[in-house]
Amino acid sequence: MKTARLLSLIGVTITALVVLAVSVADAQEGSISGAANLALVAEPSASYTSGDTKVSALNDGIRPRRSADRRRGSYGNWNRTGTQWVQYEWPKAISTDKMEVYWWADGQGVHPPKASRLLYWDGDKFAPVPGAERVGVERDRFNMVGFDPIETTKLRLEIDSDDAGNSTGILEWRVLDSGSSPKFPPMVEGDIDRIVMLGGKTYLNAKVKTLAQGDSPQVAWSKVSGPGEVEFADANASETTATFSEVGDYVLRMTAGKGDLTDSADVNVTVESLPPTDPLGVVYTKRYKIDSPLWNHRAKAIICDWIPHCVERIDRDDLPEGGINNFDEAAKKLAGLPAERHRGYVFANAWVHQTIESICIALMVDPQGDAEIAATQADLKETLEDWIPRILAAQEPDGYLQTAFTLNDRMNRWTPQNRTGHEGYTAGYFLESAINHYTLTNGADRRLYDAAKKLADCWVANIGPEEGKQPWYDEHQQMEQGLVRFGRFVNDMEGNGAGDDYITLAKFLLDCRGGGAEYDQSHVPVQQQYEAVGHAVRAVYSYSGMADVATETGDLDYRSAVMSLWDNIVNKKYYVTGGIGSGETSEGFGPNYSLRNNSYCESCSSCGQIFFQYKMNLSYHDAKYVDLYEETFYNALLGSLDLPGENFYYQNPLASGAPRYPWHGCPCCVGNIPRTLLMLPTWTYVKDDNGIYVNFFIGSTIQVEDVDGTDVEMVQETDYPWSGGVKITVNPEQEKSFAVRIRSPQRSVSTLYTSAPEADGIESVSVNGTPVETKIENGYLVMDRAWKRGDTIEFALPMTPQRVKCVDLVEANRGRVALRYGPLVYNIEAVDGNNLNGVLPPDAELTTEWRPDLLDGVVVIKGEFADGSPLLAIPNYARNNRIPEPEDGERRRRRRGGGGGSIVWIRDR
């Protein structure tokens, strides 16, 4: 948070440049005249800045290596064309006679401009700088232009894009002192707001840019406010750590400079108490029954249509994206036979492993007499028996498994050059598939389990801090969460710490990150990451793995980083649907509060978000994390598949009309979606030594094993989310005293959103028909008593249509409202006659109606636009599903989407 600048300025010639937290050599190298770079103390701005770039990159003092080098950031205006501008402003007039600009060109949509020119503020308007009407546009160098000295408070660089329709960008823009400029105070760039666990430390890294005579400016950290004491490891260093004596909100300040020439910036730090020592226990997905108006349809479509479709694709010998054929070819090579090259991306094994896991989970769903489900399950079981030996034949003798590496002799394992080889990404999915294959067979078939242990042991034998091993990390972080999930499972199955080495390796892989790029979250050590950046799937996989490591090891730096990242996502970068990833960076996060409705929200990022929130629930025993993953589950992920289970979305924007499609050039989501959606027992219940936590409300019969020494069958009867009545029958094998904790839903956990009228909590509770008094702990309604078979709990959740408003910091949602009913966010579609630009007045009455004839049965929200026309809103998951049937009546894969578009955020003024 920027403080007011202290701008007591005197006229002194600038003679030297110092940049703290930026290499002085990098900052000065390449300056043609050696003069000071006045840009360092200017405020940059631009006519437009694309979300994956920062205007602050214009004057960060970095010397690029080449025009494609954006390792330290860039400014760009993609996908704008024509004339754009960037601008510097100073608090007092500077004197300059030279400038240098280094153009960014990524070889894709950003190219050097056709022309560029410099203008200065003459007191009334921007006027051309004589001699700088044409600025060079060459790549891979600073383009310098000299001119007669001018005095001004503002400089503007106008940029004309080329005739090919490319956008423009800049890596660095320097403005050089003529020798007559005043002295300026330093510029302090504050650090990221964050959370730290009590007893832990937070890593502070403020940046100071200054023009000074000689020595570096003095810097000092201080406490501005907060309930306790703050101790800095070195209060006079820009990079240091701080510890705190009490829980609460603190403001820390970094001040730099001398005398009147000082500047400062603040950092907000929240200190929180540690979570419980012991995490909640996982309820592994095993055979279960579904009895739900919504989920009977969705599960059947996934089992009978989507997974077989994935199997059919992956089984194709000619699949260009690569499928089971890659394992066949790798097996041939390992057997000494001629083999074809690897097909598709290096990570093509991933959707095979995901689909195997999806098949295993699909086989755990009780068909309950449904002949189509039973027949499909029989076919899927045959697929397992066909695929498993083929995959295991591709495993190398020491346990290594990655067909792209086996089939390419030029690809060596675990080398820095091959961080993009996705060795860990594919291996992590294999480990996870082994878990659900083991639970499917109750451990009777250990083929995948033993092979997964062999693979994990191979990694443990080669990667680590010990002598003879090596440091390494994968650019895509699936192995980290896969190792902890598998290690925890091995410990639960075998005991005696049998899986501890896998958890230790997961932490080591995470600890190796640093010195890389934001794109793959390797820019700084993970313990010092406080803002969600980069590729959204890689990010939440990384944060999920970090949450696991924090839970398993109790590492305070990990806990602080994880909670800071959680807070940044949920309260600054989180869509109302529970989706993440605005797409302003490559498939990733944009700046705080930048939540455009033409969002990316990749389906895989929703899967990762669910895993991340679930693991926070395990660690903190708090229901708010379940509120969040329920939101993602029902709104961002469930609708990634169409209702027939024939097509899917890779991206899930909140304003769209595009159709779903049967496949994708990068089909990384095709198996991830069903494996996540069908793992209902794991999402529905967690447990501890003395009780069961009810997280989801889904009509079902699920066995929760080993609750205070007995297994408990939990039977839910409900048509939630269509209404709020829930009945749970608790069937312990023997009468036992334990707690049943039922989530008391909160509909607006994120501070980005508020909902009205209120519809939180639980309205009434009875046990065996008798109302009972209850207490709420960490968002759970607690009932601790002796339970016997047949005991029933009945309760009601408030269900009413709600208006959701977003904070004004999110520009895209100003003057708009979203609709919610229970956990479901709603959407209006043009196919229903809605005017997508219509205004829904804040006082318009909203009602609900059950429509069994619509979209497999949904509750709709009805209202009236300001012009008197009717509004009909449907659940967001059901959007873009109404497509005309083929004239010949034959079932086919549907490619066209739903009739004119749909939006979540409706104008309300």
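Here, each number is a calculation from the coordinates, and none is a lab measurement. Here the structure is a predicted model, which means the values were calculated and not measured. Glycine also receives a Cβ, built like all others from the backbone with ideal geometry; neighbour counts cover every protein chain displayed.
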Gain upon complete extension [residue 48, residue 141; 0.36 nm per residue less C-alpha separation] | 31.1 nm
Part-to-part distance (alpha-carbon centres) for the stretch 275-343 and the stretch 235-260, which is given in Å = 50
Relative contact order (%) - criterion: Cα under 8 Å, at least six apart; region: the chain | 9
Distance between the stretch 365-389 and the stretch 712-758 - C-alpha centres, whole angstrom | 31
Between residue 498 and residue 776, Cβ-based FRET efficiency (R0 51 Å, step 0.05) works out to 0.85
Each residue of the stretch 868-878 in turn: what ³J(HN,Hα) in whole Hz from Karplus with 6.51, -1.76, 1.60 and θ = phi - 60°, glycine and Pro shown as x?
-> x, 6, x, 10, 10, 10, 10, x, 4, 4, 8
The stretch 831-842 - phi-based ³J(HN,Hα) in whole Hz, Karplus 6.51/-1.76/1.60, Gly and Pro as x | 4, 8, x, 5, 7, 5, 9, x, 9, 9, x, x
Simple SL model, points at 7 angstrom along Cα→Cβ for residue 837 and residue 218; separation in nm is 6.1
Given only helices, namely DSSP H runs of n ≥ 4 each adding -39500 (n - 2.57), what is the per-residue ellipticity at 222 nm of the chain, to the nearest 500 deg cm²/dmol?
-> -7000 deg cm²/dmol
Given H placed on each backbone N at 1.01 Å, which residues far from residue 237 in sequence or on other chains put an amide H within less than 5 Å of it?
-> 221
Residue 69 to residue 334: FRET efficiency via 1/(1 + (r/R0)^6), r the Cβ-Cβ distance, R0 45 Å, to the nearest 0.05?
-> 0.65
Cβ density ranking, 10 Å radius, fewest first, applied to 99, 144 yields 144, 99
Find, among the GluC sites (Glu not before Pro) in the stretch 712-763, those assigned to loop by DSSP (not H, G, I, E, B) with at most 16 other beta-carbon atoms within 10 angstrom.
-> 733, 735, 758, 763
Listed by chain and number, the lysines with an alpha carbon less than 29 angstrom from that of residue 788, same-chain partners under 8 positions apart left out, are 286, 289, 687, 727, 736, 775
Over the alpha-carbon set of the chain, divide Rg by the Kirkwood Rh and report the Rg/Rh ratio to two decimals.
-> 0.99
If 526, 570 are placed from fewest to most neighbouring beta carbons inside 10 Å, the sequence is 570, 526
Between the DSSP loop rule and a limit of at most 14 other Cβ atoms within 10 Å, which trypsin sites (Lys or Arg not before Pro) in the stretch 753-794 are left?
-> 788, 789
Report the extension gain between residue 848 and residue 151 in nm, rounded to one decimal, defined as 0.36 nm multiplied by the number of residues separating them, less their alpha carbon distance.
-> 244.3 nm
Measure up 223/258; 54/98; 223/572 against 29 Å on the Cα-Cα distance and list the ones that go over.
-> none
Extension length gain for residue 79 and residue 164 (0.36 nm per residue less Cα distance), in nm, is 29.4 nm
How about residue 92: which lysines have a C-alpha closer than 16 Å to its C-alpha, ignoring those fewer than 8 places off in the same chain?
-> 154, 183
Which ³J(HN,Hα) values in Hz, rounded to whole numbers, follow from the phi angles of the stretch 777-792 under the Karplus curve 6.51 cos²θ - 1.76 cosθ + 1.60, where θ = phi - 60° and Gly and Pro get x?
-> 10, 6, x, 10, 7, 10, 10, 10, 7, 7, 10, 10, 4, x, 5, 10
Among 607-616, 47-56, 419-428, 492-501, how do they line up from the highest to the lowest mean number of other beta-carbon atoms within 10 Å?
-> 607-616, 419-428, 47-56, 492-501
Inter-site label distance for residue 234 and residue 278 at 7 Å from Cα along Cβ, in nm = 4.4
Could you tell me which trypsin sites (Lys or Arg not before Pro) in the stretch 76-113 are loop residues by DSSP with no more than 16 other beta carbons within 10 angstrom of their beta carbon?
-> 80
Which aspartates and glutamates have a Cα less than 17 Å from the Cα of residue 624, not counting those fewer than 8 places away in the same chain?
-> 272, 567, 758, 760, 777
